[in-house]
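Reading through the structure tokens given below for one structure.
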Amino acid sequence: MSIPKRFYQLQDLILLRTSLKKVKLHLDERKEKSVYKWINSELTEFLRKYEKVGCKEQGEEIGRGIASENWVAIRTNVEQCLKILDQEIEKIYREMADVGTNV
């Protein structure tokens, strides 16, 4: 894959990770008082792309958690997906660095 394509892929992953981190912070602070409409809005892009970024199971569980307003299920799956995204982002950084691109 070309460097510009990898860079855009990296950028997308970082944006998805940022949305997940915002939701995680919200859930940590609000717990059962979480605003599920806001969570759904914040994760709109993630819910469209979760299969492409390796979070198929977690994305489905997050969607079900939002529908059933289960903050524990959402938080658990958000944390798992954050780990997956962190690994993928690190992998892309390494690949780009190996090609001689300064990131």
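Where a number appears in this text, it was derived from the coordinates with a stated rule and is not lab data. Please read these numbers as outputs of a predicted model, since none were measured by experiment. In this analysis, Cβ positions are derived from the backbone assuming ideal geometry, glycine residues included, and neighbour counts consider all displayed protein chains.
Yes or no, residue by residue, for (1) in contact (Cβ under 8 Å) with a residue 40 or more places away in the chain; (2) under 23 Å from Glu95 (Cα atoms); (3) outside any loop (DSSP other than H, G, I, E, B):
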{"site": "Leu15", "(1), (2), (3)": "no, yes, yes"}
{"site": "Leu20", "(1), (2), (3)": "yes, no, yes"}
{"site": "Lys31", "(1), (2), (3)": "yes, no, yes"}
{"site": "Glu51", "(1), (2), (3)": "no, yes, no"}
{"site": "Glu57", "(1), (2), (3)": "no, no, yes"}
{"site": "Ala73", "(1), (2), (3)": "no, no, yes"}
{"site": "Glu79", "(1), (2), (3)": "yes, no, yes"}
Those residues of region 61-103 which are farther than 30 Å from Lys33 by Cβ and surrounded by fewer than 14 Cβ atoms within 10 Å (Cβ to Cβ) amount to Gln87, Glu90, Lys91, Arg94, Ala97, Asp98, Val99, Gly100, Thr101, Asn102, Val103
Considering residues of region 19-34 that are exposed (fewer than 13 other Cβ atoms within 10 Å of the Cβ) and not acidic (Asp, Glu) only, the residue farthest from Val99 (Cα to Cα) | Lys33
